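**Q** Here it is, the structure, as structure tokens.
The values are calculated or read from the model by the stated rules, or taken from the named source; none is laboratory data. Quick caveat, the model's predicted, so the values are computed rather than measured. Positions of Cβ are backbone-derived with ideal geometry, glycine not excepted, and every protein chain shown enters the neighbour counts. Note: areas computed on protein heavy atoms with side chains; ligands, DNA, RNA excluded. Shrake-Rupley method; radii C 1.70, N 1.55, O 1.52, S 1.80 Å.
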Amino acid sequence: MDFMKQALILARRAAEHDDVPIGAVIVQNGRIIARGENKVQQQRNPTLHAEIVAINRACKKLGQKFLDECDIYVSLEPCAMCATAISFARIRHIYFATADEKGGGITSNAKIFETDRHLWHPKVTQIPEHADASAQMLRDFFRRRRTKN
């Protein structure tokens with residue numbers, strides 16, 4: 001299964017309820033155990049990014065606070081808040097499709113894992129073959145939003 005494609009499907013679903021199109025899936029032993037999409041606008045809660053929604057669901061499903069045997073696939077580079085939450089959840093590996101030059105927390109802006117202050121440093125991999133699809137979805141979303149306003 002292409003886990004990043006699943007994250008992109010969730011990103012499209014987020015856009016349908018006027019949230020920024022970002023999706024995330026958490027995988028354990030080759031199976032998706034949790035899904036998340038941005039719900040900031042839908043729930044009127046600034047912390048409900050796709051990664052946070054997926055982490056909450058994974059912890060609930062597994063009945064534990066650490067997800068050290070899990071990987072997360074995200075359609076956009078996680079922001080600093082989400083990257084920190086991923087670290088606190090001890091997720092083993094972050095895969096993301098497109099970098100976020102303005103709000104990225106890992107490779108583009110905050111670069112939070114470049115310090116020794118985080119107790120848990122997940123592996124990080126960009127999956128470039130999905131970068132264009134994710135970036136185009138974001139561009140289209142913000143273009144529509146600007147046109148609406």
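**Q** Do any GluC sites (Glu not before Pro) in the stretch 72-149 lie in a DSSP loop with no more than 10 other beta carbon atoms within 10 Å, and if so, which?
**A** Sites meeting the loop and neighbour criteria: Glu101.
**Q** So what is the relative contact order for the chain, in percent, with contacts set as C-alpha pairs under 8 Å and at least six apart?
**A** Working: 320 pairs, mean separation 28.1, N = 149.
Computed over the chain, the figure is 19 percent.
**Q** Looking at the chain, send over the antiparallel percent of its DSSP beta bridges, to the nearest 5. Mind dumping the intermediate values first?
**A** Numbers: 11 of 20 bridges.
Of all bridge pairs located within the chain, approximately 55 percent are antiparallel.
**Q** Counting only the heavy atoms of the protein chains, how much of Arg145 is accessible to a 1.4 Å probe, in Å² to the nearest 10?
**A** Arg145 exposes around 70 Å² with every protein chain in place.
**Q** Where does the chain land at 222 nm, in deg cm²/dmol rounded to the nearest 500, when only DSSP H runs of n ≥ 4 count, each adding -39500 (n - 2.57), divided by all residues?
**A** Numbers: 5 runs with 58 residues, N = 149.
Taken over the chain, the calculation gives -12000 deg cm²/dmol.
**Q** OK, next. With a 1.4 Å probe and every protein chain kept in, tell me what percent of the accessible surface of the stretch 85-149 is carbon plus sulfur. Write out the running numbers ahead of the final one.
**A** Numbers: 2100 of 4290 Å².
Heavy-atom surface of the stretch 85-149 belonging to carbon and sulfur, 1.4 Å probe: 49 percent.
**Q** I've got another one for you. Tell me the chymotrypsin sites (Phe, Trp or Tyr not before Pro) within the stretch 81-149 that lie in a loop according to DSSP and have at most 15 other beta-carbon atoms within 10 Å. Write out the running numbers ahead of the final one.
**A** Details: sites: Phe88, Tyr95, Phe96, Phe113, Trp120, Phe141, Phe142; in loops: Trp120.
Loop-located and lightly packed - Trp120.
**Q** Here's another thing I want to ask about it. Taking a 28 Å limit on the Cα-Cα distance, which of the listed pairs Lys61/Lys111; Lys102/Lys123; Lys61/Lys148; Lys39/Lys61 fall beyond it? Let's see the in-between values first.
**A** Working: Lys61/Lys111 30 Å; Lys102/Lys123 22 Å; Lys61/Lys148 39 Å; Lys39/Lys61 19 Å.
In this structure, Lys61/Lys111; Lys61/Lys148 lie more than 28 Å apart at Cα.
**Q** With equal scatterers on the alpha carbons only and no solvent term, can you work out the Debye log10 of I(q)/I(0) for the stretch 47-108 at 0.18, 0.28, 0.30 1/Å?
**A** Listed by q, the Debye log ratios stand at -0.57, -1.26, -1.40.
**Q** May I ask you to list the aspartates and glutamates whose Cα is less than 20 Å away from that of Lys60, ignoring any residue fewer than eight positions away on the same chain?
**A** Those aspartates and glutamates meeting the cut-off are Glu37, Glu51, Asp68, Glu69, Asp71.
**Q** Another question, if that's okay. Based on the Cα atoms of the chain, what semi-axes does the equivalent ellipsoid have, where each is the square root of 5 times one gyration tensor eigenvalue, given in whole Å with the largest first?
**A** Details: eigenvalues 105, 56, 43 Å².
For the chain, the semi-axes come out at 23, 17, 15 Å.
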